[in-house]
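**Q** My questions all concern the structure below.
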Amino acid sequence: MQEINKEYQPLIVAFCCNWCSYAGADLAGSSRLSYPANVKIIRVPCSCRVNPMFILKAFQRGADGVIMCGCHPGDCHYTTGNYYARRRMTLLFDMLDYLGIEKERTRVEWVSAAEGVKFSNVMNEFAAKICELGENKRLEDLRCKE
Amino acid sequence: MQRIGVFVCWCGSNIAATVDVKRVAETLGQEPGVVYSADYQYMCSENGQQLIKTAIKEHGLTGIVVCSCSPRMHEATFRKTAESAGLNPYMVEIANIREQVSWIHKDIEEATVKAIILGRTAIAKLLLNTPLTAGETGVTKRALVIGGGIAGIQTALDIAEAGYEVDIVEQRPTIGGRMAQLDKTFPTLDCAACILTPKMVDCAQNEKIDILSYSEVEEVKGFVGNFTVKIRKKARYIDEKKCTGCGICMSVCPSKKGLNEFNMNLNNRPAAYIPFAQAIPNVAVIDPEQCIKLKTGKCGLCSMKCEAKAIDYTQQDSFVERNYGAIVVATGFKIADLKYFNEYGYADNKDVITSLELERLMNAAGPTKGTLLRPSDNTHPHVITFIQCVGSRDISGCGKPYCSKICCMYTAKHAMLIREKYPDTEVHVFYIDVRTPGKNYDEFYRRAVEQYDVDYIKGMVGKVYNENGKLMVQGSDLLSNEQITIASDLVVLAAAIEPEPSVRKIATLLTTSIDTNNFLTEAHAKLRPVESPTAGIFLSGMCQGPKDIPETVSQASACAAKVIGLLAKDKLKCNPCVSISDDSMCIGCGTCANVCPYGAITYVDKEFRLGGGKTEVRRVASVNEAVCQGCGACTVACPSGAIDLKGFTTKQIMAEVEAVCKR
Ligand code: FES
């Protein structure tokens, strides 16, 4: 696909749980609160559905930052899902940091269905951070490069 | 190989103004697996749906991708469309190019490219979709209403009217809620008790309604149509079945220092008490904090005098467990804490009161028997100043950002009632704006100004301080641009309202969402205002947002209609996106069962063929599809990767990740 912009556009993958964060993103949309187009959302039923493999895969395929959003602790639609996700992500992000993917490139945020403003703020902020860090070179599967 | 159709919606100009829909349709039409693509003004309209149906039939499509608004909006619509054209409804994927693209991006090129990527992602997922069929479950034909105020009462009465059983769980000793505390109601000025208490009696007499007062919801399990709820009945130290409500215990109780919550703590009540004369159930309760017998073991007067032998000092909290098909939250509101508003002197001056306290002071059953007297010295106040928007519409972070909605009207009511009863009283009202939308509301407010001569001053109050027994209200009059000070005898604060604090715990128990102000979130602000986003949970009254009584009652009835609609069904379709375990990979470790919040996974011994005529019995996980809610916790926890979630399989999500990452 052709390049849209000459300058570097980081790629950000956002995993959003269906019940809070995806709805929060919808609210950001219906409130016309913009955030960078390079944030791409993947809908999952709950934050606990986010397998560390998905995140590794994203980094392998050239994502520059990955953010996982879920309901606030205690508010998970499935009661406890986000607690598992939170612990899992802490471990994963530590490991990624060790592998050379800076901690700033990974993030967990709790966004409720009513927090459209928070959603767009978080995305803007995160995208700005990733822009600052620049392209992510580690973990890229070189076989994927043409 | 699948034959996929892509349908790009313009959503009028909502999408088409920012996204080049034709280019999206053309580009996605070239994707492997896609055999047909089209764009149309309104895909969700009759004609749009027809276009989809025709395409499915004519091109033999095996799956469709609709690039449109959020799946939370129309996924269900397009699934039905697909189904009516003979396609499995789960062979539908939505690319959200409205909320995630056209509404937030301005640059057409950028937006179009993103729309294409989202479309590709949906195609990548759809290529791995398999047809799913939904199972069915029964519906328990009984509803639970949490909260026994006017909202809960009206909802319960309407549900019972339709012939279904309803339980009301109320945390206080009686139903009636806030409305029972009110004196008169706007805009008709009829007395609150006169219109509320007959409804309370109806609840008590209706054989379909069971009132569990002085009770709290403790635990909620299950899902729409099949909830199991554990309710704690707090110890009242009175046998409800024996108590006749005669009130002898109240009159003999020597401990009289308990604060009377019903009268907003303006006077005291005995340790053994009935909150108010028309309480339902008309049964006493003993306050363990105040009861001398319970605290020291000495006393027991009430038990000696009680003819019904209803007093039981050994009573403990008890639990009941019941099944429900639907749950209604009607937990109501309270007056917000004024601790950040020291400038009004509420904490230091007895004669600075909230409107709800004034309500009690004017009520014939209140602490002053309806004569308006100052709390400090029991004299008649001659100058009364009302301050509006105390803690409402406050963006400083100390108060609430929202308008509490009812204050303008009740202040007009108070001002009018006071001027009517005590014409020699001077009444001033400091307001920011007067908001009176509603039938006969503005007329009502104008009567206060024109007929009753209430002095409305546009401006904010800076501070209230005590000078020689007078409350000096210092504020600005914005219209004359002057600083003014009014020496008053009584100051009434129209304090912000906030949701009853127990709603937080209840929202957590019901796994339904709450907004930043602790109001419960409705499924759709305009189109589904009485349903919560969690299936089977409904919202009635103030727990959802500030409302006056007429609005609360209409919402309560609307809520009942929704509940009745649900209970009238014999079967509900289950969510087919549930977990499935691959026996050949499962090692029976038990991890998945540990993380499952629903207990949907059990272990069974199964016999497996090993070849050569030999068999082996192994323990493997088995998912109960009716109980699984499809969160996916087990899929990630499973160390051997044996469990997957239908509709959101690991492969599907991996494919999505790859698709969004493709540059
Ligand atoms: S559903 Fe949102 S985190 Fe579990």
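**Q** Only bridges whose two residues both fall in the protein assembly as shown count here: according to DSSP, what percent of them are antiparallel, nearest 5? Intermediate values should be presented prior to the final figure.
**A** On the way: 57 of 122 bridges.
Percentage antiparallel, nearest 5: 45.
**Q** Using packing as a proxy for protection, rank B:70-80, B:338-348 so that the peptide with the highest average count of other Cβ atoms within 10 Å comes first. Mind showing how you got there, number by number?
**A** Values: B:70-80: 18.9, B:338-348: 15.5.
In decreasing order of mean packing, B:70-80, B:338-348 become B:70-80, B:338-348.
**Q** Let me ask another. Between B:Lys573 and B:His524, what is the FRET efficiency for a Förster distance of 25 Å, r being their Cβ-Cβ separation, to the nearest 0.05?
**A** Details: r = 20 Å, r/R0 = 0.81.
Plugging the Cβ-Cβ distance into 1/(1 + (r/R0)^6) gives 0.80.
**Q** Indicate, rounded to the nearest 5 percent, the antiparallel portion of the DSSP beta bridges found entirely in the stretch B:335-498.
**A** 45 percent
**Q** What order, most packed first, do the peptides B:503-514, B:174-185 have when packing is the mean number of other Cβ atoms within 10 Å of each residue? Don't skip to the end; give the middle numbers.
**A** Working: B:503-514: 21.0, B:174-185: 23.2.
With the highest mean Cβ count within 10 Å placed first, the list reads B:174-185, B:503-514.
**Q** Report, to the nearest 10°, how far helix B:650-661 tilts away from the longest principal axis of the Cα atoms in chain B, using its own Cα long axis and a range of 0 to 90°.
**A** So the inclination is approximately 90 degrees.
**Q** I'd like to compare B:264-275, B:585-596: which one has the highest average count of other Cβ atoms within 10 Å, and what's the full order after that? Intermediate results must be reported in sequence, preceding the final value.
**A** Working: B:264-275: 20.8, B:585-596: 17.2.
Highest to lowest by the protection proxy: B:264-275, B:585-596.
**Q** Report the local net charge at B:Asn342: Lys and Arg +1, Asp and Glu -1, summed over other residues whose C-beta lies under 13 Å from its C-beta. If you can, show how the numbers build up before the last one.
**A** Numbers: positive: B:Lys339, B:Lys463; negative: B:Asp337, B:Glu343, B:Asp348.
Summing Lys/Arg as +1 and Asp/Glu as -1 gives -1.
**Q** Percent of accessible area on chain B owned by carbon and sulfur, 1.4 Å probe? Show your work: numbers first, answer last.
**A** Details: 14240 of 28220 Å².
Looking at chain B in its full context, I get 50 percent from C and S.
**Q** Sticking with this structure for a sec: In peptide A:73-86, what is the residue-averaged number of other protein chain Cβ atoms found within 10 Å of each Cβ? Please report the intermediate quantities before stating the final value.
**A** Working: counts 0, 6, 7, 5, 8, 9, 9, 6, 7, 0, 2, 6, 2, 0.
Mean inter-chain Cβ contacts per residue within 10 Å come to 5.
**Q** A further question follows. Can you tell me, using C-alpha contacts under 8 Å and at least 6 residues apart, the relative contact order of the stretch B:4-126 as a whole percent?
**A** Values: 237 pairs, mean separation 38.8, N = 123.
In percent, rounded to a whole number, it is 32.
**Q** Give the average, rounded to an integer, of partner chain Cβ atoms located within 10 angstrom of each Cβ in A:18-29. Show your work: numbers first, answer last.
**A** Values: counts 6, 7, 3, 0, 6, 7, 1, 6, 10, 4, 4, 10.
The shielding value for this peptide is 5.
**Q** Classify the stretch B:335-498 from the C-alpha gyration tensor, please: rounded if a/c falls under 1.5, else prolate or oblate depending on whether a/b exceeds b/c. Can you show the working numbers first?
**A** Values: a/c = 1.23, a/b = 1.06, b/c = 1.17.
It comes out rounded by the Cα gyration axes.
**Q** Quick check: the angle from helix B:407-421's long axis to the longest principal axis of chain B, C-alpha only, nearest 10 degrees?
**A** With rounding to tens, the tilt is 20 degrees.
**Q** With no solvent and one point on each alpha carbon, what is the Debye value of log10 I(q)/I(0) for the protein assembly as shown at q = 0.06, 0.09 Å⁻¹?
**A** -0.49, -0.99
**Q** I've got another one for you. Which of rounded, prolate or oblate describes chain B when judged by the alpha-carbon gyration tensor and an a/c cut-off of 1.5?
**A** Values: a/c = 2.70, a/b = 1.56, b/c = 1.73.
Because a/c hits 1.5 or more and a/b fails to exceed b/c, chain B counts as oblate.
**Q** Counting only other chains, and only Cβ atoms inside 10 Å, what mean value do you get across the residues of B:110-117?
**A** On the way: counts 6, 1, 1, 5, 6, 1, 1, 5.
Mean partner shielding for this stretch: 3.
**Q** Principal axis lengths of the stretch B:4-126 from Cα atoms, whole Å, largest first?
**A** Projected onto its principal axes, the Cα set of the stretch B:4-126 covers 39, 28, 20 Å.
**Q** Further question: Using 17 Å as the cut-off for backbone N distance, which residues of the stretch B:253-268 belong to the label zone defined by a point 7 Å from the Cα of B:Lys369 along Cα→Cβ?
**A** What the label zone holds, given the 17 Å backbone N cut-off, is B:267-268.
**Q** Here's a follow-up. At 1.567 mPa s and 4 °C, plugging the Kirkwood radius over alpha-carbon pairs of the stretch B:511-658 into Stokes-Einstein gives what diffusion coefficient in µm²/s? Walk me through the numbers on the way to the answer.
**A** On the way: Rh = 18.7 Å.
The estimated diffusion coefficient comes to 69 µm²/s.
**Q** Take every DSSP beta bridge whose two residues both sit in chain B, then give the antiparallel share in percent to the nearest 5.
**A** Numbers: 57 of 106 bridges.
Given both bridge residues lie in chain B, the antiparallel proportion sits at roughly 55 percent.
**Q** Using the structure shown, list the pairs from B:Lys334/B:Lys458; B:Lys184/B:Lys405; B:Lys234/B:Lys505; B:Lys350/B:Lys505; B:Lys369/B:Lys413; B:Lys233/B:Lys256 with a Cα-Cα distance above 22 Å, or answer none.
**A** Numbers: B:Lys334/B:Lys458 27 Å; B:Lys184/B:Lys405 17 Å; B:Lys234/B:Lys505 17 Å; B:Lys350/B:Lys505 33 Å; B:Lys369/B:Lys413 19 Å; B:Lys233/B:Lys256 25 Å.
Long pairs (Cα-Cα over 22 Å): B:Lys334/B:Lys458; B:Lys350/B:Lys505; B:Lys233/B:Lys256.
**Q** Right, something else. Can you give the angle from 0 to 90° between the axis of helix B:108-126 and the longest principal axis of chain B, with both taken from C-alpha atoms, to the nearest 10?
**A** 70 degrees
**Q** Rg and Dmax of chain A, Cα atoms, in Å?
**A** Using the Cα atoms of chain A, the pair Rg, Dmax is 14.9, 45 Å.
**Q** Within the stretch A:18-44, whose backbone N sits under 15 Å from a point 7 Å along Cα→Cβ of A:Glu135?
**A** Nothing falls inside the zone, counting backbone N under 15 Å.
**Q** Work out the charge dipole of chain B with +1 on the Cβ of Lys and Arg and -1 on the Cβ of Asp and Glu about the Cα centre, then indicate which of B:Met460, B:Ser68, B:Ala494 is farthest towards its positive end.
**A** B:Ser68
**Q** Based on the alpha-carbon gyration tensor of the stretch B:248-305 and its eigenvalue square roots a ≥ b ≥ c, which shape applies: rounded if a/c is under 1.5, prolate if not and a/b is larger than b/c, or oblate? Don't jump to the answer; show the numbers that get you there.
**A** On the way: a/c = 2.16, a/b = 1.37, b/c = 1.58.
In terms of gyration-tensor shape, oblate.
**Q** Let me ask another. Pulled fully out, how much extra length does the chain show between B:Asp605 and B:Tyr340, if you take 0.36 nm times their separation in residues and subtract their Cα-Cα distance? Don't jump to the answer; show the numbers that get you there.
**A** Numbers: separation 265, 0.36 × 265 = 95.40 nm, distance 6.24 nm.
Length gained between B:Asp605 and B:Tyr340: 89.2 nm.
**Q** Quick one: net charge around B:Phe648, please, counting Lys, Arg +1 and Asp, Glu -1 for every other residue with C-beta under 13 Å from its C-beta.
**A** Values: positive: A:Arg43, A:Arg49, B:Lys125, B:Lys646, B:Lys651; negative: B:Glu93, B:Asp644, B:Glu656.
Once positives and negatives cancel, what remains is +2.
**Q** What whole-number value in Å² describes the accessible area per residue of chain B for a 1.4 Å probe?
**A** Details: 28220 Å² over 663 residues.
In whole numbers, chain B has 43 Å² accessible per residue.
**Q** Please work out the average accessible area per residue across the stretch A:12-144, using the 1.4 Å probe convention, and give it in Å².
**A** On the way: 4810 Å² over 133 residues.
Result: 36 Å² of accessible area for each residue.
**Q** To the nearest 100 Å², how much accessible surface do chains B and A hide from each other in total, with a 1.4 Å probe?
**A** On the way: alone 30600 and 8390 Å², together 34320 Å².
Chains B and A together bury approximately 4700 Å².
The values are calculated or read from the model by the stated rules, or taken from the named source; none is laboratory data. Just so it is clear, the structure is predicted and the values come from calculations on it, not from any experiment. Using ideal geometry, Cβ is built from the backbone for each residue, glycine included, and neighbour counts are taken over all protein chains shown. The protein model used for the area step is the full one, side chains on, heavy atoms only, and it has no ligands, DNA or RNA in it. Shrake-Rupley method; radii C 1.70, N 1.55, O 1.52, S 1.80 Å.
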